[in-house]
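Note sheet for the following structure.
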Ligand code: GTP
Ligand code: MG
């Protein structure tokens, strides 16, 4: 694996979020443990956007000579950063020091003149590099090395986990293996920027912003790319020049509701992407959903994209999660582990349905960490009370104000280990009174459920909504059963931890095994004498199973 190369540091360009040369750290989004982690969300997003605007995506021949390629591109100006990756072919992401270099490159580029299908002329920043003399052989060692954009395989993950030294080490190992890399973050911002170019043909001045797990510090390699078409910048007026008795306004076409406006905007953008978007395939317009969206694959980057508009609360939720993810290093390790655990047991799915979502799981972890003593995370209400005038934010009539400067939040005094927290997480939710209580990170305490949804997690900003309304009773029960099993496995581990070199999956690795394998492991372990502690745990599980089933029958 090559690291991102930085042949030149360009004067006048914004410093990128690198930790050191050898091991590029991801800065804020990838969560490296350096100062950049604590930068403001808006600042990071602004810098990434500007960086993406100076960047091009180039489809290259497989046998490209990296040195010559860079020399060729440097004709247009100094290059700040580049890397290669594979996705149905070889691609290069090239970041110039100046935006002008992109214009210069585009000016020297031509539209293909295909004979059979007329190509729509569109000067995008997604380019094809052709070799004038393709048969020229180059030595294999000068081939460009590629950067991996995929998560580790299960086999690789189990290997890594088995070699870890403790359960805490396992959680941190999992985090490192799955978190977005610096290159992947760049590719996500570049993809949004390329889509923005297409959308801008229709809506000049629009902005396409990434949100969700691509930017909230909880993104796993391979996660989807949520993007939001922001038209607010278009409507912003620079100066009000109301002179004398007159005032002027733009004529606009009126539509019956905001939802209809959203559907119309997404409908035309969907058509645009489908007909003219280079590399955009499988475009689906899902306009009747609660939150209308256009879903498509961006083939060159390999991202599954969900484009929405009029969705600024979701962007604000991403910022809130970013704050929570940046506050304490245990948060991300625990969220990644719970997400991986849920995926391994098919509690979550990439297909929408009655499953629990990653967003809900993240909010559950945050809630659990607010409930520790002393708390590891502050409540949303306390983040609101710390906010200054500049943090004030009202969206669609909802108060979304919270402190945005992480340095103004006191670090937690809690020193619990990740191993303990993981076990307690499973015990806490394995015994949670889901039949009567709801989860609420605004106040950080359980509350009576306002309706009979099996799982009720209050939406942090639109407080009358439940973010897990889709979850069925049977899916919730599956979550509870697996949480109890997992608490039990970790309890067992406490007593007899195999040596790290053991071939037997232990600790977190045992929790990620498919249910069949877990049971074999459990039955092997059950032969050992059961301690008093485990006996009492089993008794508490039994009694709360009776409670839960009573509660569910009552509905
Ligand atoms: P993964 O894509 O699964 O990695 O996580 P994600 O956090 O990106 O979730 P998803 O792509 O499903 O949704 C993107 C963002 O939309 C989330 O981070 C939330 O900010 C928001 N979101 C998703 N589901 C809900 C919901 O049910 N209610 C609300 N209010 N917001 C949601
Ligand atoms: Mg997502």
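Every read-out reported here was derived from the displayed coordinates using simple, explicitly stated rules and does not represent laboratory data. Everything numeric here is computed off the predicted structure, so don't read it as measured data. Every residue, glycine as well, gets a Cβ built from its backbone with ideal geometry; the counts of neighbours run over all protein chains shown.
A few notes on this one:
- A simple spin-label model places pseudo-atoms 7 Å from Cα toward Cβ; at residue 67 and residue 414 they are separated by 5.5 nm.
- Protection proxy ranking for 424-431, 250-257, using the average of other Cβ atoms within 10 Å per residue and placing the highest first: 424-431, 250-257.
- Relative contact order for segment 270-352, counting Cα pairs under 8 Å that sit 6 or more residues apart, in percent: 14
- Percent of beta bridges antiparallel (DSSP, segment 191-343, rounded to nearest 5): 75
- Here the contact order of segment 356-504, divided by its residue count and restricted to Cα pairs under 8 Å and six or more residues apart, works out to 24 percent.
- The mean of 1/r over all pairs of different alpha-carbon atoms in segment 63-196, once inverted, gives a Kirkwood hydrodynamic radius of 18.0 Å.
- When each of the peptides 451-463, 285-297, 207-219, 357-369 is scored by how many other beta carbons lie within 10 Å of its residues on average, the order from highest to lowest is 207-219, 357-369, 451-463, 285-297.
- With the simple spin-label model, which puts each label point 7 Å out from Cα in the Cβ direction, the residue 46 to residue 159 separation comes to 4.4 nm.
- Rounded Å value of the spacing that divides the Cα centres of segment 412-468 and segment 296-367: 16
- FRET E, pair residue 504, residue 140, Förster distance 45 Å, beta-carbon r, rounded to 0.05: 0.65
- Once you divide the Cα radius of gyration of segment 281-358 by 2.2 N^0.38 Å, the number left is 1.31.
- Stretchable slack from residue 131 to residue 88, in nm (0.36 nm times residue separation minus alpha-carbon distance): 13.7 nm
- Value of Rg/Rh across segment 182-313 [Cα atoms, Kirkwood radius]: 1.04
- The convex hull around the C-alpha trace of segment 276-321, projected and averaged over every direction, spans 4.1 square nanometres.
- Placing dummy labels 7 Å off each Cα toward the beta-carbon, the span from residue 110 to residue 148 is 4.2 nm.
- Over all directions, the projected convex hull of the C-alpha atoms in segment 172-217 averages 3.5 nm² in area.
- In this calculation the C-beta distance from residue 474 to residue 224 is compared with R0 = 45 Å, giving a FRET efficiency of 0.95.
- Estimated D of segment 177-257 in µm² per second, where Rh is the Kirkwood radius over Cα pairs and Stokes-Einstein applies at 25 °C, 0.890 mPa s: 158
- Its relative contact order, with pairs defined as Cα atoms under 8 Å and 6+ residues apart, puts segment 173-230 at 36 percent.
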